[in-house]
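Have a look at the structure below before the remarks.
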Amino acid sequence: MLNDKLLPAWTERDRLAALRSYRIIDTPPESAFDDLVQLAARACGTPIALISLIDERRQWFKAEVGLGVRETPLDRSICLTAMLQPGLTIAPDLTEDPRFARNPLVTGEPHLRFYAGAVLRSPDGLPLGALCVLDYVPRCLTEEQASTLTMLARQVMSQLELRRAIAERNEKLEASHQIEQRQALLVRELHHRVKNTLATVQALVGATGRSTGSFDEFYRSFSKRVTSLAKTHNLLTEDYWQTAPLREIALNELKPFAESRQPRFMLLGPPVELAADLAVPVGMALHELTTNAVRYGALSVPTGYVQVRWSVAEIEGARKLHLEWKEFGGPPVSEPQHQGFGSTLLQRVLPMQCNAEVEVQYDKGGLRFAMEAPLVEQRFVPAY
């Protein structure tokens, strides 16, 4: 007995996507589904009942009674044909039905002879499989049995829909929990950054005031240092106050020389992201080195240029950044008699704030600066 109504159009990709959305394939047995196959077998008086779901390579049984296996290949699936029909498919004698007569489960063990299956269809009309009953002898279903099997198939779909709704709710709750955790971490990191920034600005005020002789000079130096600090913070805020690309930090300082006909700087090194506690002092150090080069070093003459080179190496199980600043083609260099803010930052602040090893050489050919500092590997706030 087959319905001959036309089915709505769908694609196999859509059908498989709908099946996967229930997150049911290969899950352990569940009493709600086991009870439904027991009811189907009892109502129809058959030794076998199955909830069969069809994926791209097999038919898998969410629940079964009387068959003893959890899946079979598609070439043995009677439900594969039945689910393509609307409503209820009944084959009173499988050996006399040309669609099923050559099925290995009919011609060989367990020698199935009777099949009745109610299609399991999603709310969008996509067939997922069938709730079916089988017997070893030819037979028919009464009208009441056929109606009961159809109703039980609807209950199977209700259980699948409930299971999907619970899974989606749990996923949303977990996502919401992760967002709350992320926001809490972000606020904590923001507080840390603001506190550190205020302390840095306060230190800049004191250090700039001690190293300048007039208010105008103080204003110019302080404004430039705060601008440099702001540029590094702009890079950090793009990544939720966590990391900033070293190359971009260097470009923030050297970009005014990028338009020169003759190359004035070279940036050599792999992509490296600096955590905020390292990015800020490194950005300030590069600002002081650039300012010094413009006033007294390689960038003070048209033929001079700067090379910034960095690398990352693993030393004693920890990754460390090695950064070098070298000046070429500038006027002769000598060690300054007075230690200003820039020298203090390079030689004292970096070791204290970043646990960095620092070396400054006043070679006649140009200033040489090198630092080695540990990299922070863990993100404070997870990415979306």
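Tabulated values for the structure
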{"item": "Leading residue by the ranking (least open to solvent (accessible area, probe 1.4 Å)) among those in region 330-364 that are of a type in the set (Asp, Glu) and modelled with pLDDT of 80 or more", "result": "Asp363"}
{"item": "Among the residues listed as Asn234, Asn292, the single one being of a type in the set (S, T, N, Q) and modelled with pLDDT under 85", "result": "Asn234"}
{"item": "Boolean, Ala49 is open to solvent by less than 50 Å² (accessible area, probe 1.4 Å), closer than 29 Å to Ile166 by Cα and either in a helix (DSSP H, G or I) or out of contact with any helix residue (DSSP H, G or I) (no Cβ under 7 Å at 6 or more places or on another chain) (or both)", "result": "no"}
{"item": "Some residue of region 160-173 being in contact with a Leu (Cβ under 7 Å, 6 or more places away or on another chain) and outside any loop (DSSP other than H, G, I, E, B)", "result": "no"}
{"item": "Subset of region 311-329 (residues that are open to solvent by 10 Å² or more (accessible area, probe 1.4 Å) and assigned to a strand (DSSP E or B))", "result": "Ser311, Val312, Ala313, Glu314, Ile315, Ala318, Arg319, Lys320, His322, Glu324, Lys326, Phe328"}
{"item": "Given (1) touching a residue at least 60 places away in the same chain (Cβ under 8 Å); (2) within 30 Å of Val137 (Cβ to Cβ); (3) touching a Gly at 6+ places or on another chain (Cβ under 8 Å), number of the condition Cys79 does not satisfy", "result": "(1)"}
{"item": "Tally, over region 287-308, of residues that are outside any strand (DSSP E or B), under 12 Å from Lys326 (Cα atoms) and either more than 43 Å from the chain's Cα centre (by Cα) or of a type in the set (Val, Ile, Thr) (or both)", "result": "5"}
{"item": "Matching option when the condition is out of contact with any Leu (no Cβ under 6 Å at 6 or more places or on another chain), in contact (Cβ under 8 Å) with a residue 40 or more places away in the chain and of a type in the set (Ser, Thr, Tyr), among Ser334, Ser311", "result": "Ser311"}
{"item": "Any hit, region 95-108, residues being out of contact with any Cys (no Cβ under 8 Å at 6 or more places or on another chain), more than 20 Å from Met157 (Cα to Cα), among the polar types (S, T, N, Q) and surrounded by 17 or more Cβ atoms within 10 Å (Cβ to Cβ)", "result": "yes"}
{"item": "Selection count where residues are in a loop (DSSP other than H, G, I, E, B) and either closer than 11 Å to Glu327 by Cβ or open to solvent by 50 Å² or more (accessible area, probe 1.4 Å) (or both), scope region 265-286", "result": "2"}
{"item": "Residue within region 110-120 that is over 24 Å from Arg20 (Cα atoms) and β-branched (Val, Ile, Thr) present", "result": "no"}
{"item": "Residue match in region 27-40 (condition: modelled with pLDDT under 90, out of contact with any Ser or Thr (no Cβ under 9 Å at 6 or more places or on another chain) and surrounded by 15 or more Cβ atoms within 10 Å (Cβ to Cβ))", "result": "no"}
{"item": "Every residue from region 52-73 that is over 24 Å from Cys140 (Cα atoms) and open to solvent by 50 Å² or more (accessible area, probe 1.4 Å)", "result": "Glu56, Arg57, Val69, Arg70, Glu71, Pro73"}
{"item": "Residue that is nearest to the chain's Cα centre (by Cα) [pool: residues in region 124-158 that are of a type in the set (Gly, Ala, Ser) and in a strand (DSSP E or B)]", "result": "Gly129"}
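The values are calculated or read from the model by the stated rules, or taken from the named source; none is laboratory data. Just so you know, these numbers come straight off a predicted model, no measurement behind them. Counting neighbours? That spans all protein chains shown, and the Cβs are built from the backbone with ideal geometry, glycine included. Accessible surface is based on the protein model in full, side chains and every heavy atom, while ligands, DNA and RNA are left aside. Shrake-Rupley method; radii C 1.70, N 1.55, O 1.52, S 1.80 Å.
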